[in-house]
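Inspection log for the structure reproduced underneath, given as structure tokens.
The values are calculated or read from the model by the stated rules, or taken from the named source; none is laboratory data. As the structure is a prediction and not an experimental result, all values here were calculated from the model. For neighbour counting, all protein chains shown are included, and Cβ atoms are generated from backbone atoms with ideal geometry for every residue, glycine included.
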């Protein structure tokens with residue numbers, strides 16, 4: 001009970017203090033999100049280049065967090081903008097507070113059962129430190145160390161051409177004006193032309 005209250009208080013503190021974003025500067029990036037690959041939660045390969053021409057919202061998630069209810073908003077965002085070219089990608093991680101302890105099957109069942117999640121989920125991976133997934137190392141290097149996830153439900157917005165555009169801290173809800181405006185701005189640019197493979 002005390003641990004639960006402490007975690008809730010910590011989450012509320014984060015909500016109050018980190019509802020801001022970090023934006024990439026034009027011309028300072030190297031590489032592309034399309035160079036990275038995850039494994040899907042069912043174990044199948046999940047290369048990000050499969051989403052070329054789409055805008056991506058990559059979110060590190062957890063099942064037992066004060067922000068877990070953001071799954072509802074993420075699904076609503078996906079439902080609203082999928083046809084316009086948005087892909088939400090959930091990246092389960094146990095990095096913060098041990099709040100994603102389950103197996104892939106448990107995580108998948110929870111997401112689908114409790115929130116009706118239909119957007120892609122990756123396998124559980126670290127998102128911080130030396131063990132972080134290469135996408136997360138690249139994102140933090142590109143936008144700077146202050147853009148690295150500090151808690152669950154940190155969000156990265158990737159443009160249709162693979163550039164990383166913005167980082168949104170956990171307290172920025174999926175239905176926030178700031179996040180929706182950024183997503184709509186990227187979607188308005190239209191599908192990017194991609195090289196023939």
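Couple of notes before you dig in:
- Yes/no for residue 50 being in a loop (DSSP other than H, G, I, E, B), without any contact (Cβ under 8 Å) to a residue 40 or more places away in the chain and under 27 Å from residue 186 (Cα atoms): no
- Criterion violated by residue 169 - all others in (1) at pLDDT 95 or above; (2) surrounded by 15 or more Cβ atoms within 10 Å (Cβ to Cβ); (3) within 13 Å of residue 55 (Cβ to Cβ) satisfied: (3)
- Matching residues in region 132-147 - criterion: being within 24 Å of residue 78 (Cβ to Cβ) and assigned to a loop (DSSP other than H, G, I, E, B): 133
- Filtered residues of region 90-131 (kept if surrounded by 15 or more Cβ atoms within 10 Å (Cβ to Cβ) and either assigned to a strand (DSSP E or B) or without any contact (Cβ under 8 Å) to a residue 12 or more places away in the chain (or both)): 90, 91, 92, 121, 122
- Near pairs, Cβ below 7 angstrom, 6+ apart or cross-chain, from region 65-83 (surrounded by 19 or more Cβ atoms within 10 Å (Cβ to Cβ)) to any residue that is at pLDDT below 95: 65/11; 66/7; 66/8; 66/11; 66/12; 67/11
Quick grid of which residues meet (1) in contact with a strand residue (DSSP E or B) (Cβ under 8 Å, 6 or more places away or on another chain); (2) over 13 Å from residue 58 (Cβ atoms):
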residue	(1), (2)
85	yes, yes
95	yes, yes
102	no, yes
107	yes, yes
117	yes, yes
133	yes, no
